Amino acid sequence: MRYWQVLAGLVLAIVLFLFPLSAEAASSSSISRSAGNALKGQDFSGQSLIGEEYSNLILENANFSDADLRGGVFNGSVLQGVNLHGVDFSDGIAYLVVFKGADLSDAIFTNAMMLRSTFDNVNITGADFSNAVLDRLE
C-alpha cells in the first residue's frame, strides 16, 4: 500500500513539474464599475445588484434604498450622503469606504466585512450587523 502512495506522489510531482498551473491574481484596482464620478446621485433603488463591485468611485448622494447588494464590494469609494435604507449587504465587503452622513437604517449587514471604513454621522436605526466585521483606524 505504501508503495502505491509513493508512486502516486511521484507521478503527481512529475506532472506538476512538467505542466505547472498558471497563477493569476487580481488587484483591488481591477475591481471596478468605474465610471468616474458619473455615479454621483444615481438611483439604484430596489435593483438587484448581487455581487456587483464598485472601486474607487465617488457615489455621493446615490440612492441604493431597498437594493439587493448581497456579496457586493465597495473598495476605496466615497459613499457620502448615500441612501442605503433597507439594503441587503449580507456577505458584502466594504474596504476603505467613507460612509459620511449615510443612511444605513433598516439595512442588513450580516457577515459583511467592513474593514478600514469610516462611519461619521450615519443613521443605523434598525440596521443588522450580526457577525459583521468592523475595525477602527487608530
**Item:** Environment charge of GLY126, counting only residues whose C-beta is closer than 12 Å and scoring Lys/Arg +1, Asp/Glu -1
**Value:** -3
**Asked** Got a sec to turn the phi values of the stretch 72-85 into Karplus ³J(HN,Hα) couplings, 6.51 cos²θ - 1.76 cosθ + 1.60 with θ = phi - 60°, whole Hz, x for Gly and Pro?
**Response** x, 10, 10, 10, x, 10, 9, 10, 6, x, 6, 9, 10, 4
**Item:** Full-stretch length increase - ASN121, VAL133 - with 0.36 nm per residue and alpha-carbon distance subtracted
**Value:** 2.4 nm
**Asked** Taking amide hydrogens as modeled 1.01 Å from N in the peptide plane, which residues meet the under 5 Å criterion relative to GLU53, leaving out close sequence neighbours?
**Response** VAL73
**Karplus 3J(HN,Hα) series, Hz, for the stretch 99-116 with 6.51 cos²θ - 1.76 cosθ + 1.60 (x for Gly, Pro)** = 9, 7, x, 7, 9, 9, 5, 6, 8, 10, 10, 4, 6, 6, 9, 10, 9, 6
**Asked** For the stretch 46-57, in order, what is each residue's ³J(HN,Hα) by Karplus, 6.51 cos²θ - 1.76 cosθ + 1.60 with θ = phi - 60°, in whole Hz (x at glycine and Pro)?
**Response** x, 7, 8, 10, 4, x, 5, 10, 10, 10, 6, 10
**Request:** Enumerate the amide H contacts of MET113 below 5 Å, restricted to partners 5 or more residues apart or on another chain; note that Pro and chain-start residues carry no placed amide H.
**Result:** GLY92, ILE93, ALA94, VAL133
**Asked** Dipole magnitude of the stretch 34-121 about its Cα centre, charges +1 at Lys/Arg Cβ and -1 at Asp/Glu Cβ only, in debye to the nearest 20?
**Response** 300
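Bear in mind these aren't lab numbers, they're just calculated from the coordinates by the rules spelled out. Bear in mind that the values here come from a model prediction, so they are computed numbers and not experimental data. Note that each Cβ is placed from the backbone with ideal geometry, even for glycine, and that neighbours are counted across all protein chains shown.
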